[in-house]
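Just so it is clear, none of the values below were taken in a lab; they were calculated from the coordinates. These numbers come from a predicted model, not from an experiment. Neighbour counts are summed over all protein chains in view; Cβ atoms, including those assigned to glycine, are modelled from backbone coordinates with ideal geometry.
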Ligand SMILES: Cc1cc2nc3c(=O)[nH]c(=O)nc-3n(C[C@H](O)[C@H](O)[C@H](O)COP(=O)(O)O)c2cc1C
């Protein structure tokens with residue numbers, strides 16, 4: 001089992017190539033009754049901003065066929081509290097990848113600098129949040145802005161910088177190439193797809209924020225397609241995510257070219273799902289006669 005799944009990413013040693021996606025796994029410690037954090041590749045913690053944020057008012061989550069809509073609004077304790085209270089508790093338990101968001105290019109630089117500390121394995125730039133007015137989607141849909149944000153973070157930190165791409169674009173490979181040229185060490189994709197749900201009785205939007213991000217099984221084919229396209233366009237590693245609920249789902253992402261994967265919405269359905277996915281993936285690799293997960297990466301025959 002160990003050798004089948006063990007891999008390396010950006011200098012991090014991963015026990016398995018299964019990570020937890022930002023915003024769906026808290027800071028990792030909340031899941032310790034269900035998950036052996038040492039068997040996860042890492043935890044991409046809930047988005048951190050310079051100042052604490054209360055998040056959006058009203059309804060923040062709605063169920064949809066094969067997925068969910070969310071508009072949390074980047075609720076988080078702020079970077080200061082994260083560094084003083086939370087990081088010391090979690091830093092030795094797993095690879096901590098800190099997801100950050102800002103309302104200006106400078107915010108990303110400042111946050112990346114503040115997080116250049118022991119215990120942070122990598123920084124993930126959330127340039128793709130669709131749920132707050134100043135939450136970054138502009139950076140994720142504009143090549144120039146995406147490159148500026150990436151360069152600002154790279155200048156400020158010695159940690160690997162992962163840029164999280166938005167699927168809410170016409171051609172994701174253009175943004176991917178722009179951030180690779182600006183120095184990104186890896187990409188993660190995809191974030192949520194913008195969606196909306198209306199209550200036909202009240203005739204009002206279900207979410208307080210009106211629109212929200214669609215995640216879960218419904219978006220998996222879109223995510224696999226985008227990982228496949230992006231893998232052919234860049235030379236940096238890709239962390240694939242979007243609707244992964246089983247080892248078979250994860251295997252599709254590896255075949256499409258992802259070096260690691262992250263599980264998001266499925267954690268709400270079964271908090272121990274990442275462990276099951278790891279076990280079943282090992283069984284699949286064994287059955288396919290493979291010795292290590294790396295042998296699957298990018299092997300889709302098109
Ligand atoms: C409730 C919720 C909160 C999220 N918060 C964040 C966040 O803070 N930062 C971020 O980059 N992505 C966030 N995401 C996006 C996920 O990390 C992931 O990219 C997306 O949901 C697709 O994966 P999934 O279908 O497995 O959930 C959030 C998703 C959900 C469902």
**Request:** Neighbouring Cβ atoms within 10 Å as the yardstick, rank 263, 59, 227 fewest first.
**Result:** 59, 263, 227
**Two-site label geometry, residue 105 and residue 3: point separation in nm, points 7 Å out along Cα→Cβ** = 4.9 nm
**Asked** Under a point spin-label approximation (7 Å from Cα along Cα-to-Cβ), what is the residue 118-residue 279 distance to one decimal in nm?
**Response** 3.6 nm
**Message:** Let me make sure I get this right: for the range 2-296, a, b and c are the square roots of the gyration tensor eigenvalues over alpha carbons, sorted descending. Under 1.5 in a/c it's rounded, otherwise prolate if a/b > b/c, else oblate. Which is it?
**Reply:** rounded
**Item:** Cβ crowding within 10 Å averaged over residues, with 112-118, 214-220 ranked highest first
**Value:** 214-220, 112-118
**Asked** What order do you get for 252, 29 when you list them from fewest to most C-beta neighbours inside 10 Å?
**Response** 29, 252
**Complete:** Contour minus Cα-Cα span, residue 225 to residue 295, at 0.36 nm per residue, comes to 23.2 nm
**Message:** Can you compute the modelled spin-label distance between residue 66 and residue 270, with each label point 7 Å from Cα toward Cβ, in nm?
**Reply:** 1.9 nm
**Prompt:** For a paramagnetic label modelled at 7 Å from the Cα of residue 36 toward its Cβ, which residues of the range 247-285 fall within the zone defined by backbone nitrogen distances under 15 Å?
**Reply:** 272-283
**Message:** With 10 angstrom as the radius, rank 211, 16 by how many other C-beta atoms surround their C-beta, starting from the fewest.
**Reply:** 211, 16
